[in-house]
Amino acid sequence: QLLQRGATVILTARHIDNLADLGARYPHAHALICDICDAQQLALTQQKIIAQHQRIDLFIANAGVYQEMLAFAFDAKMAQQMLDINVSGTIASVASVIPQLLKQGSGGIALVASVAGYGGLPGALIYGASKAALINFSETLYLDLSAWNINVTLINPGFVATRLTAQNKFVMPALLTSEQAAQKIIAGFARGDFEIHFPKQFTLWLKLLKLLPYRLYFYLVKRVTR
């Protein structure tokens, strides 16, 4: 949708085969291989982008993995993979662009977390914790960078139909398409929101739950998700 609006978009992924069709349809789409868990590759990718485009107006940290996990079926290897990509890799990618944005004196950073980071939810043992870390990280980034004319945006989606959510075996309330999610994100950018969360009929209930005492919070979550 950003490409449809005429933006020049650099897309990065560990495997760029799935991005090839965008490059064919949009002349302003550029795909680069980059693993955010590889510090050297991350630095080289940014150098390529700056050499070709001179600046970064908006960096969207959207890399992430998800695997349903319960405490009685704990997979330590998968847990570490989620933390490596969702937390360590994402933070490293953000850290890599901050010097360039400070040099420019402008620009923005958007981090895709999740409503799963609002509070503990069944099945989201490590995923929720990784997204909670990004929520806290985004809040602190905003406090640190707002005085430097750098925008920070936190994106907390509810359920969006993607390859990752397709593995869920439960009913996903207020499920959105990726196109609908993109529209809401771009609208939030246009408004200058710090937090973009959607769909509101789902996310506002989760925000309300976290205002309750833990005894009541646990009771209601168990009742709804049993």
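The table for this structure:
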{"read-out": "SER178 vs. criteria modelled with pLDDT under 90 and either open to solvent by less than 70 Å² (accessible area, probe 1.4 Å) or in contact with a strand residue (DSSP E or B) (Cβ under 9 Å, 6 or more places away or on another chain) (or both)", "value": "yes"}
{"read-out": "In region 17-31, the residues that are surrounded by fewer than 16 Cβ atoms within 10 Å (Cβ to Cβ) and among the aliphatic types (A, V, I, L, M)", "value": "ALA20, ALA24"}
{"read-out": "Condition met for SER88 (of a type in the set (S, T, N, Q), in contact (Cβ under 8 Å) with a residue 40 or more places away in the chain, surrounded by 15 or more Cβ atoms within 10 Å (Cβ to Cβ) and farther than 22 Å from PHE189 by Cα)", "value": "yes"}
{"read-out": "Output for region 32-60, where each listed residue is out of contact with any Leu (no Cβ under 8 Å at 6 or more places or on another chain), open to solvent by 60 Å² or more (accessible area, probe 1.4 Å) and over 16 Å from THR90 (Cβ atoms)", "value": "ILE33, GLN40, LEU44, GLN47, ALA51, GLN52, GLN54, ARG55, ASP57"}
{"read-out": "Failed condition for GLY117, given (1) open to solvent by 40 Å² or more (accessible area, probe 1.4 Å); (2) without any contact (Cβ under 8 Å) to a residue 40 or more places away in the chain", "value": "(1)"}
{"read-out": "Scope region 210-226; condition in contact with a helix residue (DSSP H, G or I) (Cβ under 8 Å, 6 or more places away or on another chain) and either of a type in the set (S, T, N, Q) or in a helix (DSSP H, G or I) (or both); matching residues", "value": "TYR217, LEU220, VAL221"}
{"read-out": "In region 101-121, the residues that are of a type in the set (S, T, N, Q) and touching a strand residue (DSSP E or B) at 6+ places or on another chain (Cβ under 9 Å)", "value": "SER106, SER114"}
{"read-out": "Search result, residues across region 149-166 that are at pLDDT below 95 and either under 16 Å from the mean Cα position of the chain (by Cα) or of a type in the set (Val, Ile, Thr) (or both)", "value": "PRO157, GLY158, PHE159, VAL160, ALA161, THR162, ARG163, LEU164, THR165"}
{"read-out": "Residue that is farthest from the chain's Cα centre (by Cα) [pool: residues in region 183-202 that are more than 18 Å from GLN1 (Cβ to Cβ) and open to solvent by less than 50 Å² (accessible area, probe 1.4 Å)]", "value": "PHE202"}
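One line per residue, one yes/no per condition, for (1) closer than 27 Å to LEU208 by Cα; (2) among the hydroxyl-bearing types (Ser, Thr, Tyr); (3) modelled with pLDDT of 95 or more; (4) not in a helix (DSSP H, G or I):
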position	(1), (2), (3), (4)
ALA116	yes, no, no, no
GLY119	yes, no, yes, yes
PRO122	yes, no, no, yes
GLY128	yes, no, yes, no
PHE137	yes, no, yes, no
THR140	yes, yes, yes, no
ALA147	no, no, no, no
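The values are calculated or read from the model by the stated rules, or taken from the named source; none is laboratory data. As the structure is a prediction and not an experimental result, all values here were calculated from the model. Heads up, the Cβs are rebuilt from the backbone with ideal geometry, glycines too, and the neighbour counts pull from every protein chain shown. All accessible areas refer to the heavy atoms of the entire protein, side chains included, with ligands and DNA or RNA removed. Shrake-Rupley method; radii C 1.70, N 1.55, O 1.52, S 1.80 Å.
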